[in-house]
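For reference, the structure discussed in these notes is given below.
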Amino acid sequence: MTAPKSLDIDGKRYLWRDIPKLRQEQRRAAAKAEQPPLFELRNDFRPATQRTTAGRYNEPSLFSLFGHCRNNPQDREPSS
């Protein structure tokens, strides 16, 4: 049995020798395509250690500690 000379995809007939050319065109078009962002991009000005959850856990900032004490009445100093 000989190999078929064409391939039927969605009712269209493609020659096997044209398939690599079509694939190269697809790859070129995909490389040029630009995907727009889904939301407005903003720069992250936080220090590098504060940009990840692990960094914020390992090195808490002064303001996060201060806010924790202010919100938790048990951590406040007793008033005389």
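Read-outs throughout are calculated quantities, based only on the coordinates presented, and are distinct from any laboratory measurement. In this text the structure is predicted, and so the values were computed from the model without any measurement. Note that each Cβ is placed from the backbone with ideal geometry, even for glycine, and that neighbours are counted across all protein chains shown.
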What number comes out for the charge environment of GLN50, summing +1 per Lys or Arg and -1 per Asp or Glu over other residues with Cβ under 13 Å away? +1
When the chain is fully extended, how far beyond the present Cα-Cα distance does THR53 get from LEU41, taking 0.36 nm per residue of separation? 2.3 nm
